[in-house]
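Participant: After the structure tokens below, expect a handful of questions from me.
Rule-based calculations on the coordinates, nothing more; no lab input. Just so it is clear, the structure is predicted and the values come from calculations on it, not from any experiment. Don't worry about glycine lacking a Cβ; one is built from the backbone with ideal geometry, like all the others, and counts go over all protein chains shown.
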Amino acid sequence: MFRCHFCQQTTPAKTTRHSVVIEEREKRYSSQKREFKRGGGRNFRDRDEPTPDRGGQGVEIMREVSACPTCAAKQHEIKRIELEPALAATEGLDAGNEEQS
């Protein structure tokens, strides 16, 4: 049992809890040289090999809330509708870059 963040109703027992991301932020990870690679298994020679870490960028979740299945589906649909124009714009830019090449 839990209380849905969106409709504020307490759900019945054995209802699936869905996590909905409310806030997220861009994160850039710097590159660094790792001292040793972990693992190895049965072959002990693979164990202490230096491995570079190239870093990169990504998205981190800042805030996540619990939602009932119906509210989670609504939120998923809202996010999908918000992202459609942005995806169409990036696809248009990609097509334009391919034509110039």
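Participant: Modelled label-to-label distance, Glu23 and Arg63, 7 Å Cα→beta-carbon offset: nm?
Facilitator: Label-label distance for Glu23 and Arg63, simple model: 0.5 nm.
Participant: Please list, ordered by chain and number, the residues whose modelled amide H lies under 5 Å from the amide H of Glu64; skip anything fewer than 5 residues away on the same chain.
Facilitator: Ile22
Participant: Right, something else. Going by how many other beta carbons lie within 10 Å of each one, how would you line up His5, His76, fewest first?
Facilitator: The fewest-first ordering by Cβ neighbours comes to His76, His5.
Participant: If we count every other residue with Cβ under 12 angstrom of Glu64's Cβ, Lys/Arg +1 and Asp/Glu -1, where does the sum land?
Facilitator: Surrounding charge for Glu64 is -1.
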